[in-house]
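Novice: Supplied in structure tokens, the structure appears directly below.
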Amino acid sequence: MKLKIDKSQLNRENKADCRIKSFVVALASEGIYYTPSEILLDATALDFNFIDLNSKGTSVYTLLGVSTDLYENFAKNTKINIEHYSNQSNEEDLELITNAISNGHCVMAMTDRYGLFRLLNPRIFRNISPNKHMTQHMIVIYGVDLKKKKYLVCEASSSLSKYHSVWIDIDKLNAVRKCEFLGVGINKDIYIIEETKDYKKPNQSEMVLLQIEKLRNNLTKSISKLLEFVLFFKQSCKKDNNLKRYLVLQSQVLAITIAGFDKSKYFYRGDFLKIFETVYTDSKKEEFILQISDIKSKWANIAEKLINLSKGLNYENVIEVWELIIIVAENELSFVKVSFLNIKNGEVTKVEELKNVQITEVELDELEELVIPGVGGGVCINC
């Protein structure tokens, strides 16, 4: 028993991550067609979040460019029902997946990328070093053969040159659906689009406004945390080599979330143009495009540094990368504030209805300018 999915929806030229690509396929199987950029907007998922991934022990700090609640926000904004299941027994898991497929629904399942690639192709496995576990890797299950005890899987990783559909033993796939790496774990996590009868595409103007406001808020909060983070390590690592080694080790996660998830190396900022272009009048469009290009260029530079550093990481290089991140975050905040003011001041021509949407002012904390050596003399988060 298998579903017919339209893999042409997976544009090979698109560098979106596995969560978004898998979602494109799952939505298409329901007759709802989206591009990755449209998904990001309707989920207001573009983000800048400095986060501790590990809630169990030693902190693992990184940056996320797309919200972790992507599916939940999309469901809320479009009035569809997406259920998340986790920690179920093997029997319950098989029943959930079998019932979903028999009812015409794909299943999005989290896996450990390292283990999954070994199942797909041993040659791919040999090219992935043991420290490349990634426990949030999403695939689509769209077929089940109970006699042969196999699942039909669509692999949508942007790391591969083409998209794989392959039958995998259920027990073997289950083994890579339960994993923990650096305190981030999964336990048979699956997402199923169970109901779409009430689907309604949200007002795009309102989504643009909510997206801008979300970015402004999260950039403001994250920049403050980033400044504290960098200052702490620069002061504390002077006499603590163990702390230096810890900072270098956790930078491997940063390399994944910045240079690994979005293969364009733009930290999802390539989607800024499509999402924010309606905010700018024709007279300001050229300036807008230049700003986006500058932000994308800075993220590409950071991504390349992280990729190169992975071959020989050291403390000084890692600190330099974090300082560059603060600079580009300041650039983004300035850009987002201008976009916000364009709406607030009624300088929008293509989406006039935005003028009537309520805008919540954000109270920015009065923070002193912190001077960080090597970052142009200082970084002011009130600019």
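Novice: All other residues with a Cβ under 14 Å from the Cβ of Tyr199 taken together, and with Lys, Arg as +1 and Asp, Glu as -1, what is their net charge?
Specialist: Computed value for this residue: -1.
Novice: Then there's this: Return Trp167, Trp299, Trp322 ranked ascending by Cβ neighbour count within 10 Å, so the fewest neighbours appear first. Mind showing how you got there, number by number?
Specialist: Details: Trp167 15, Trp299 25, Trp322 22.
With the fewest neighbours first, Trp167, Trp299, Trp322 line up as Trp167, Trp322, Trp299.
Novice: Under 10 Å from the Cβ of Leu219, count the other residues' Cβ atoms, weight Lys and Arg +1, Asp and Glu -1, and hand me the total.
Specialist: Counting the neighbours of Leu219, the net charge comes to +1.
Novice: Taking neighbour counts of Cβ atoms within 10 Å as a proxy for exposure, in what order, fewest first, do His105, His84, His137 appear? Provide the component values of the computation, followed by the final result.
Specialist: Values: His105 21, His84 13, His137 27.
Going from sparsest to densest Cβ surroundings: His84, His105, His137.
Novice: What is the order of Glu91, Glu180, Glu287, Glu155, fewest Cβ neighbours within 10 Å to most?
Specialist: Numbers: Glu91 8, Glu180 14, Glu287 11, Glu155 26.
Listed from fewest to most nearby Cβ atoms, that is Glu91, Glu287, Glu180, Glu155.
Each value in this text was obtained by applying a stated rule to the coordinates, not by laboratory testing. Being a predicted model, the structure only gives us computed values, none of them experimental. Positions of Cβ are backbone-derived with ideal geometry, glycine not excepted, and every protein chain shown enters the neighbour counts.
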